[in-house]
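Rule-based calculations on the coordinates, nothing more; no lab input. Only a predicted model underlies this, so the values are computations on that prediction, with no experimental measurement involved. Using ideal geometry, Cβ is built from the backbone for each residue, glycine included, and neighbour counts are taken over all protein chains shown.
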Ligand SMILES: Cc1cc2nc3c(=O)[nH]c(=O)nc-3n(C[C@H](O)[C@H](O)[C@H](O)COP(=O)(O)O)c2cc1C
Ligand code: SF4
Ligand code: FES
């Protein structure tokens, strides 16, 4: 497919799900230390009282891992499996279904820009291009050379009237236009 | 009200009255605005009487399908000895829709109250509010509201001193549109992959954790306290069109429109006046070309069709589309329909859970062909191929995500065939020069 002019919209798109798996020592998370100790263990125990099955605490437990470590490594999946009485394979099956769990380390700032149609007609692709340019990330899903930024396109963020919404880690920015991007990125550097 | 716009005099603000007012978020502020009076009244009533009242009000599900809420509640058999559950669907991911987000951001206690009343009415002691993972602020607001409600004894073992147990828990999703489908949501809540389940059994028989379950949208549940406070007749009277569609509806308006936001109007409002008077019409110098009135899964309307539409469940159907979730996507004459429909197809391809062949393959091939046409490499047979694929994707799968991908393609080819053909004949996107110029500028 010859790429027409127009940047990210033209080529194949990368999402958190399609990134090619890499497995250097860092990504194998060889020095893994358990997450569910002390306060985090207590938090999980409290969560378990909310559901009639242990398995129901799986998504919340994975969120705790990601909050602590920034991503969900295989040893983390094994730990979650052990505390909830599941198998590591089962946990991996669930992790891979959901786009928000990072299966690889990501940049310090994980930037998600909505480009679905309602935002697309308002110029969302210009916002994506501006983020790639300002952060120095070579492509969608790739982390910038300084390790600080990963930029991806995402599907509808449920804030279409505030086009274009951008999520940077847990922060939700509304009505971002391409010309606002340099100051947003500048403030993070 | 048209948040973030100012309230328009022709709106009827019942659910959105306090949008933009931070004081309404706190328990004290909410009580000053009449909060939790309905729950108190409810707990003194028989559950069957509440179900009957909601039935009489004519309230229908605001999540997309428009099923009568009271009827859905009446499927839950009292005294069957099983635990019952209420699931509140706050997964809001249908492109064009952002109303539940504002309800939770500004009036979280309204949803806590709606959940508590709903749970009591269906004989449940536990309600789960499943919020999409990207909604960080709504999640925070809801968590705080639930915390306050427990601290004040509104929720818990002895809800409002009634001797009845009502627990409400907030549960965070992790990024998957399909988890808004009711049985996928239940699987996700159970800690599984979010694959929809084959029905039957229906949730009222075997839902979450295998127990009788009712699932309702956020907007549906927040309407209930108002019905309890003001009566079914009051709710039913909010209707300009026909008696089958009652109450107010929040519409999320987005895309190429002068005043995007959430507008609340009574059922039966004229769509033309809505689009031009309330929402301000298209951006300066442009015209509306197409409107998708109920979120991306409903048929696309030409602007002429939209202008003739009455805004209620039957009115949208009479004009070839559906009310859906109330996400009004406006598309102006500077946009390429082929590009936008290709983008929607990509959305569905990305979000397909992939367990049905027709959906997994159909969404992927539809996207490839649509993007090929948009890039100027379509062939004369492509439109027939697309329609054939769409036919194979419709009414054949476990859930309707597959059908939803076919809908914009079929209605787009029907109504904007000239744009598709122009791409194929000219071997390029006729709208591209304008886009390229905009990029260079
Ligand atoms: C693919 C798909 C996605 C859906 N997403 C949502 C959603 O995000 N929010 C919602 O309330 N309903 C959604 N629904 C509809 C739900 O399945 C269900 O009908 C609704 O939550 C019932 O609540 P109601 O009767 O109050 O409308 C979706 C349906 C499908 C097929
Ligand atoms: S239609 Fe698509 S999304 Fe729905 S169950 Fe089948 S594969 Fe999954
Ligand atoms: S389409 Fe961008 S937030 Fe909905």
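What is the calculated FRET efficiency for residue A:54 to residue B:244, with r their C-beta to C-beta distance and R₀ = 51 Å, to the nearest 0.05?
Calculated value: 0.70.
Could you tell me what percent of the DSSP beta bridges with both partners in the protein assembly as shown are antiparallel, to the nearest 5?
45 percent
What does the structure give for A:117-130 when I average, per residue, the other chain Cβ atoms found within 10 Å of the residue Cβ?
Mean partner-chain Cβ count within 10 Å for A:117-130: 6.
Which value results for Rg/Rh of region A:75-114 when Rg is the Cα radius of gyration and Rh the Kirkwood radius based on the inverse mean 1/r?
1.08
In peptide B:345-353, how many Cβ atoms from other protein chains are near each Cβ within 10 Å, on average?
3
For the protein assembly as shown, what does the alpha-carbon gyration tensor say about shape, rounded, prolate or oblate, given a ≥ b ≥ c as the root eigenvalues, a/c under 1.5 as rounded, and a/b over b/c as prolate?
Here the protein assembly as shown falls in the oblate category.
For region A:16-97, what does the relative contact order come out to in percent, with C-alpha contacts under 8 Å and a separation of six or more?
27 percent
Jot down the radius of gyration and Dmax of region B:1-147, Cα atoms only, both in angstrom.
My reading of the Cα-based Rg and Dmax gives 15.7, 50 Å.
Which length gain, in nm to one decimal place, applies between residue A:68 and residue A:179 when the Cα-Cα distance is subtracted from 0.36 nm times their residue separation?
Going from the current span to full extension adds 36.6 nm.
Once the piece of chain linking residue B:136 and residue B:396 is laid out straight, how much longer is it, given 0.36 nm per residue of separation minus the C-alpha distance between them?
90.0 nm
Hey, fewest Cβ within 10 Å first, where do A:157, A:58, A:48 land in order?
Listing A:157, A:58, A:48 from fewest to most nearby Cβ atoms yields A:48, A:58, A:157.
State whether region A:96-189 is rounded, prolate or oblate according to the following rule on the C-alpha gyration tensor (a ≥ b ≥ c being the square roots of its eigenvalues): a/c under 1.5 gives rounded; otherwise a/b larger than b/c gives prolate, and the remaining case gives oblate.
Cα axes put region A:96-189 in the oblate bin.
For B:99, A:92, A:42, what's the fewest-to-most ordering of other Cβ within 10 Å of each Cβ?
Sorted ascending by nearby Cβ count, the order is A:42, A:92, B:99.
Could you please state, rounded to a whole Å, how far the C-alpha centre of region B:125-195 is from the C-alpha centre of region B:74-117?
8 Å
For B:182-194, what's the mean count of beta carbons from other chains sitting within 10 Å of each residue's beta carbon?
Average per residue, whole number: 4.
Pairs of alpha-carbon atoms within less than 8 angstrom and 6+ residues apart define the contacts here; what relative contact order does region B:1-95 have, in percent?
RCO, region B:1-95: 13 percent.
Taking the Cα atoms only, what angle lies between the long axis of helix B:47-57 and the longest principal axis of chain B, rounded to 10 degrees?
40 degrees
Stick to Cα atoms and the Kirkwood definition of Rh, then tell me Rg/Rh for chain B.
0.99
To one decimal place, what Kirkwood hydrodynamic radius in Å is obtained for region B:59-110 from all pairs of distinct Cα atoms?
13.3 Å
Could you give the nm distance between label points at residue B:357 and residue B:314, where each point is 7 Å from its Cα heading toward the beta carbon?
4.2 nm
What value in Å³ per residue do you get for the convex hull of the alpha-carbon atoms in region A:16-97?
So the per-residue hull volume is 94 Å³.
Tell me, what is the percent relative contact order of region A:109-188, built from C-alpha pairs under 8 Å that lie six or more residues apart?
With pairs under 8 Å counted, the relative contact order is 39 percent.
So what does the Cα-only Debye profile of region B:256-360 read at q = 0.10, 0.11, 0.12, 0.16 Å⁻¹, as log10 I(q)/I(0), no solvent term?
Here the Debye-derived log intensity ratios amount to -0.30, -0.36, -0.43, -0.72.
For region B:259-318, state what percent of all Cα-Cα pairs lands in each successive 10 Å bin, counting from 0 Å until the bin that includes the largest distance.
22, 59, 19, 1
Could you work out the helix-only [θ] at 222 nm for chain B, with each DSSP H run of four or more residues adding -39,500 (n - 2.57) and the total divided by the number of residues, to the nearest 500 deg cm²/dmol?
Result for chain B, helices only: -12500 deg cm²/dmol.
Please list B:73-79, B:121-127 highest first by mean number of surrounding beta-carbon atoms within 10 Å per residue.
The densest-packed peptide leads the list: B:121-127, B:73-79.
Take the alpha carbon gyration tensor of region B:147-200, find the square roots of its eigenvalues, order them as a ≥ b ≥ c, and report rounded if a/c is under 1.5; if not, report prolate when a/b exceeds b/c, else oblate.
prolate
Rounded to the nearest 10 degrees, what's the angle between the helix B:337-351 long axis and the longest principal axis of chain B, both from Cα atoms, 0 to 90?
Rounded to the nearest ten degrees, it is 50.
Which percent, nearest 5, of DSSP beta bridges in region A:109-188 are antiparallel?
About 55 percent, rounded to the nearest 5.
So between residue B:48 and residue B:82, what do we pick up on full extension, going 0.36 nm a residue minus the alpha carbon distance?
Residue separation times 0.36 nm, minus the Cα-Cα distance, leaves 10.5 nm.
Hey, with R₀ at 35 Å, roughly what FRET efficiency would residue B:427 and residue B:272 work out to, going by the Cβ-Cβ distance, to 0.05?
FRET efficiency, residue B:427 to residue B:272: 0.40.
Over 5 Å intervals from 0, what percent of Cα-Cα pairs in region B:100-179 sits in each interval?
3, 16, 26, 24, 17, 10, 3, 1
Please give the helix A:38-48 orientation as an angle from the longest Cα principal axis of chain A, in degrees from 0 to 90, rounded to the nearest 10.
That helix lies at roughly 90 degrees to the long axis.
Using only C-alpha positions, report the orientation-averaged shadow area of the convex hull of chain A, nm², one decimal.
That works out to 12.7 nm², a quarter of the Cα hull's surface.
What percentages make up the Cα-Cα pair-distance distribution of region B:329-413 when the bins are 5 Å wide from 0?
Calculated P(r), rounded to whole percents: 3, 17, 28, 25, 16, 9, 3, 0.
Taking the Cα atoms of region B:215-279, report the difference between the largest and smallest coordinate on each principal axis, in whole Å and largest first.
Result for region B:215-279: principal-axis Cα extents of 37, 25, 19 Å.
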